[in-house]
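In what follows, a single structure is set out as structure tokens and then discussed.
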Amino acid sequence: MKKTKRIIALPLALLLGLGVVSCQNKNNNNNTGYDGKEFDISLAQDGSVKASIKKVATNFEITIEGNGEVKSYERKELVPWNAISKKISKVEVKEGVKNIGDYYFHTSTLESYYLPSSITKVEKNSFNTGAEVFAYSTSVEGTNLDYNLYQYSETKPIVEDKYWREIGESSVVWKSHKLLFIGNSFTFFPSDVFSVENPGVCSLFSEIGKSLNIDLEVDFVVKGAHTLKKFANASDEMGKIVDEKLKSASDYDYVILQEHSTTPVNDYNSFNSGVSSLVSKIESTQSNCEVYLYSTWGFPSGVSEGSIFSSVSVMEGLLRDKYHACAEENGLKVSDVGEAFTYVYENHTNINLYGSDDKHQAYTGAYLSACTHMATILGVDVRESKYYGNLDEATANILQDVAYDISFN
């Protein structure tokens, strides 16, 4: 299964510097000789464009500033900062710089870059393979690139997957997203508003996306009390439907797997087996898909004195640990809905996330779940959504804030 990289959301305050990128590099070798160094990288070698280096802890930050074009290099070894390339933790390219030379950041390990509107050209090897490069310009020249270059557009472009925009503090590529949710009542409740034909989390996820002008196709296979092991079994009624959906389409961008309430803790092997089997099916049928585990919540009715589930937060913590362990074993990611539930449960006691059974999600819980998925999976700043469903604006805003914080902080 070819993995796709979720767009990294950076704080808008950083983007105002026009060209910020951040990444976690943990190489501890010291190259103190580069601290404070300044290089003339202007095309005319007249000092009109310079690169300066600053050492921060064990890493380095590079600032490129000036007015005009920069020179290119014939190979990576000639780049002045090549020796510390893998230790670069931040790059800032300031307005006035017109291009990025060949091999400048070819051996860097940064995940994303931001370029000011003055940049009009990049080279094939300007950035490391697979990096996400977000240009504020609407016309950057660059061909046969080994990295992903996106140009800025406030309005939906004709061509998908080539342009990006800002949604609050998120950087979002203009493209359609196709998702498949596989789960049980923790996906389709509350039953007095939604159903297996119109699952609550899926429906709210779609509406939130629509409010942010994100093109979504949301599919689902849900049944109450069903486990992932059953969903993975083609002989099972619902497992057969999962099989048919995966075999009939190869273009799912994301599949979200939700296990039956406490199974990850009470029967981890069964949980892991179901996940592993479903992942195998997804890998064999989908061309470019990421799988997320939907980590669920602790609930008051499941708590009892003397049991391992001694409180709602302890219960959720145990579930979260198992979801993350399974994700690590299978090379997946996790949407920490349960963690968001715990935060609201402990810090916003006036908001009730649970239905009358103190287990399943109420409308508020379904909305929080949908917001957390949106922020985690699509990298979207859900705080910008004006869709509140049946909730009052104040409550919805609190849930949006929590979902954002859980997903990005």
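The values are calculated or read from the model by the stated rules, or taken from the named source; none is laboratory data. Since the structure is predicted, the reported quantities are computational estimates derived from the model, not experimental observations. Counting neighbours? That spans all protein chains shown, and the Cβs are built from the backbone with ideal geometry, glycine included. When the accessible area is computed, the model is the full protein with side chains, heavy atoms only, and any ligands, DNA or RNA have been set aside. Shrake-Rupley method; radii C 1.70, N 1.55, O 1.52, S 1.80 Å.
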At a Förster radius of 35 Å, what calculated FRET efficiency corresponds to the Cβ-Cβ distance of N269 and I241, to the nearest 0.05?
0.90
Roughly how many Å² of L78 are accessible to a 1.4 Å probe, to the nearest 10?
80 Å²
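Quick check on the range 318-370: take the gyration tensor over C-alpha atoms, sort the square-rooted eigenvalues as a ≥ b ≥ c, and tell me if it's rounded (a/c under 1.5), prolate or oblate.
On the way: a/c = 2.49, a/b = 2.26, b/c = 1.10.
Cα axes put the range 318-370 in the prolate bin.
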Round to a whole number: what % of the accessible area of the range 183-223 belongs to carbon and sulfur, probe 1.4 Å?
45 percent
Binned Cα-Cα distance frequencies in the range 162-231 - 5 Å width, integer %
4, 15, 23, 19, 14, 11, 9, 4, 1
Suppose the Debye formula is applied to equal point scatterers at every Cα of the chain; what is log10 I(q)/I(0) at q = 0.09, 0.14 Å⁻¹?
-0.62, -1.18
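Would you kindly state the longest site-free stretch of the chain, with sites defined as trypsin sites (Lys or Arg not before Pro) in a DSSP loop (not H, G, I, E, B) surrounded by at most 13 other Cβ atoms within 10 Å? The partial results should precede the final answer.
Values: sites that count: K2, K3, K5, K26, R75, K386.
Longest stretch, sites excluded: 76-385.
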Compute the FRET efficiency between K210 and N352 as 1/(1 + (r/R0)^6), taking r as their Cβ-Cβ distance and R0 = 30 Å, and round to the nearest 0.05.
0.70
Would you work out which of S108, V122, S72 lies farthest towards the positive end of the dipole of the chain? Charges go on Cβ: Lys and Arg +1, Asp and Glu -1.
S72
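Which GluC sites (Glu not before Pro) from the range 296-375 combine a DSSP loop assignment with at most 11 other Cβ atoms within 10 Å? Walk me through the intermediate numbers first.
Details: sites: E305, E316, E328, E329, E339, E346; in loops: E305.
When the GluC sites (Glu not before Pro) of the range 296-375 are filtered for loop state and at most 11 Cβ neighbours within 10 Å, E305 remain.
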Accessible area of T143, 1.4 Å probe, to the nearest 10 Å²?
100 Å²
Sorted by chain and then number, the residues having a modelled amide H within less than 5 Å of the amide H of Y113, at least 5 places away or on another chain, are E132, V133, F134
Using Cα atoms only, what is the angle between the long axis of helix 268-285 and the major principal axis of the chain, expressed in degrees (0 to 90) to the nearest 10?
60 degrees
Taking R0 as 41 Å, what FRET efficiency do you get between K121 and D251 from their Cβ-Cβ distance, rounded to the nearest 0.05?
0.80
Anisotropy class of the range 178-302 from Cα gyration tensor, a/c 1.5 cut
oblate
Linear extension gain, S276 paired with Q45, 0.36 nm per residue minus alpha-carbon span
77.5 nm
Considering only G200, G338, G130, give the residue with the highest GNM mean-square fluctuation for the chain, with springs between Cα atoms whenever their separation is below 10 Å.
G130
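How much length, in nm to one decimal, is gained on full extension between E197 and K86, taken as 0.36 nm per residue of separation minus their Cα-Cα distance? Can you show the working numbers first?
On the way: separation 111, 0.36 × 111 = 39.96 nm, distance 4.97 nm.
Here the segment from E197 to K86 would lengthen by 35.0 nm.
Could you please put T129, T187, T107 in sequence from largest to smallest accessible area, using a 1.4 Å probe?
Working: T129 100, T187 0, T107 25 Å².
The most accessible residue leads, giving T129, T107, T187.
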The range 124-168: GluC sites (Glu not before Pro) falling in loop per DSSP and having at most 11 other Cβ within 10 Å:
E154
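If you take the square roots of the eigenvalues of the alpha-carbon gyration tensor of the range 287-384 and sort them as a ≥ b ≥ c, do you get rounded (a/c under 1.5), prolate (a/b over b/c) or oblate?
Numbers: a/c = 2.43, a/b = 1.29, b/c = 1.88.
Judged from the Cα gyration tensor, the range 287-384 comes out oblate (a/c at least 1.5, b/c at or above a/b).
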In Å², rounded to a whole number, the accessible area per residue of the range 300-347 with probe 1.4 Å is 47 Å²
Just to check I understand the Karplus step: with θ = phi - 60° and J = 6.51 cos²θ - 1.76 cosθ + 1.60, what whole-Hz values come out for the range 319-329, glycine and proline as x?
5, 4, 4, 5, 4, 6, 5, 5, 4, 5, 5
Applying the Karplus parametrisation 6.51 cos²θ - 1.76 cosθ + 1.60 with θ = phi - 60° to the phi angles of the range 215-224, what ³J(HN,Hα) value in whole Hz is obtained for each residue in order, glycine and proline being reported as x?
7, 10, 10, 10, 10, 7, 9, 9, 7, x
Determine how large the accessible area of V279 is when every protein chain is in place; take a 1.4 Å probe and give Å² rounded to the nearest 10.
10 Å²
